[in-house]
């Protein structure tokens, strides 16, 4: 199966506070119930009903009302081949109108930004999560492949959907407090902890990762990181620089031999197994980071400087 590198969280900054809904645009009144809403385009639910059903089943295990999220999450299913321009326009209009009710591109800059973003990515293969500041809803785009495509394990896209949900969860503290620190979490943590959480919950919910369990994946990624040089797609990479977590502070690494999701997964595993930290406490860093910033939040949590943590991690990788 080809490597998917579209996982990311996007938010669009905006100004002023709304005491009414805990987001930043006082002109918008959010009234929708906090829940998952599913939107199918281009007959994807009929053509790929097994994958869609698997995603809905796994997300039914999550009680959104027990979280601090104050708005619904819109899951958008469509074919990996992308929607036509007219279909993308209809889909983007529908979702953006729910995120910014009563708005259109001529009256609301934030609506236009979100509409343009959705319109563009729905015409190609994209797996993304978006919780725009000031909005009345998050959105997750899930481009599904043909139903006969070979996948790593059963309900693979259920795991993907958990990862994307976690991105919405990650940005909830900032969505509720848009005056918070925008540098609240590192990209490697954003991606790696979302993946670690998704893999953990996937198995907790009764699904099998087959040979792609956390320990196996970490071992495989660590082996690549240990090498002096690796060859990928005919290109040679010297790996010393890719062992540095700071390279991924604000970088997804789409063109790197190691993606931020991969090194972030290994770092999260390192914090849990070597630093004896709990996953639920690592997750609390999202909220702490919106108050004090990501570096102080992490350093206070670990009891060492970021530079020392990076050095210790590199030594562990090379062991």
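Laboratory data are not the source of any read-out in this text; all were calculated from the coordinates shown. None of these values were measured; they are calculated from a predicted model. Note: ideal-geometry Cβ built from the backbone for every residue, glycine included; neighbour counts use all protein chains shown.
Using 1/(1 + (r/R0)^6) with R0 = 22 angstrom and r between the beta carbons of residue 213 and residue 273, what's the FRET efficiency to the nearest 0.05?
Details: r = 14 Å, r/R0 = 0.63.
Given R0 = 22 Å and the Cβ-Cβ separation, E is 0.95.
Each label point is 7 Å from the Cα along the Cα-to-Cβ direction; what then is the distance between the points at residue 50 and residue 183, in nm?
4.8
Rank 58, 168, 73 by mean-square fluctuation in a GNM of the chain with C-alpha springs under 10 angstrom and give only the top-ranked residue.
For the chain, modelled as a Gaussian network with Cα springs under 10 Å, the answer is 58.
Based only on the alpha carbon positions, what is the Kirkwood hydrodynamic radius of region 9-179, in angstrom?
Working: mean 1/r = 0.0617 Å⁻¹.
It is 16.2 Å.
Return the distance in nm (one decimal) between the two label points of a simple spin-label model at residue 154 and residue 314, each offset 7 Å from Cα along Cα→Cβ.
4.5
Among rounded, prolate and oblate, which fits region 212-256 when a ≥ b ≥ c are the square roots of the eigenvalues of its C-alpha gyration tensor, a/c under 1.5 means rounded, and a/b larger than b/c means prolate?
Details: a/c = 1.59, a/b = 1.13, b/c = 1.40.
The shape class here is oblate.
Report the antiparallel proportion of the DSSP beta bridges in the chain as a percent, rounded to a multiple of 5.
Rounded to the nearest five, the antiparallel share is 40 percent.
Determine the distance separating the Cα centre of region 97-159 from the Cα centre of region 248-271; give it in Å without decimals.
About 23 Å separates the Cα centre of region 97-159 from the one of region 248-271.
Of 53, 98, 243, how do they rank once you tally other Cβ atoms within 10 Å and put the fewest first?
53, 98, 243
Could you tell me whether region 25-113 comes out rounded, prolate or oblate from its Cα gyration tensor? Rule is a ≥ b ≥ c as square roots of the eigenvalues, rounded for a/c under 1.5, then prolate if a/b exceeds b/c, otherwise oblate.
Oblate shape, in that a/c is at least 1.5 and b/c is the bigger or equal ratio.
Please quote Rg/Rh for region 116-216 to two decimal places, taking the Kirkwood radius as Rh and restricting both calculations to Cα atoms.
Checking Rg against Rh, the ratio lands at 1.00.
How high is the relative contact order of region 93-245, given as a whole-number percent (alpha carbon pairs under 8 Å, six or more residues apart)?
Contact order relative to length: 16 percent.
Determine the principal axes of the Cα atoms in the chain, then give the extent along each, sorted from largest to smallest and rounded to whole angstroms.
Cα extents, longest axis first: 57, 47, 37 Å.
Counting pairs of Cα atoms in region 197-318, how many percent are more than 16 Å apart?
66
Within a 10 angstrom radius of the beta carbon, how do 247, 302, 118 rank from fewest other beta carbons to most?
Exposure proxy ranking, most exposed first: 302, 247, 118.
Between residue 223 and residue 147, how high is the FRET efficiency from 1/(1 + (r/R0)^6) when r is the Cβ-Cβ distance and R₀ = 30 Å? Nearest 0.05.
Once rounded, the FRET efficiency stands at 0.35.
Rounded to the nearest 500 deg cm²/dmol, what is the calculated helix-only ellipticity per residue at 222 nm for the chain, with -39500 (n - 2.57) per DSSP H run of length n ≥ 4? Show your work: numbers first, answer last.
Values: 12 runs with 144 residues, N = 319.
Taking each H run of at least 4 residues, the total per residue is -14000 deg cm²/dmol.
Taking Cα pairs under 8 Å and at least six residues apart, what relative contact order does the chain come out at, in percent?
Computed value for the chain: 19 percent relative contact order.
Out of the DSSP beta bridges found with both residues in region 9-179, what percent are antiparallel (nearest 5)?
Roughly 25 percent of the DSSP beta bridges within region 9-179 come out antiparallel.
Only Cα pairs within less than 10 Å get springs; with that Gaussian network setup on the chain, which residue of 107, 81, 60 has the largest fluctuation?
107
Which of 232, 51, 189 ends up with the largest GNM mean-square fluctuation for the chain, with Cα atoms connected below 10 Å?
The residue with the greatest mean-square fluctuation here is 232.
Taking 7 Å along the Cα-to-C-beta vector as the label spot, tell me the residue 67-residue 235 distance in nanometres, rounded to one decimal.
Rounded to a tenth, the inter-label distance reads 3.4 nm.
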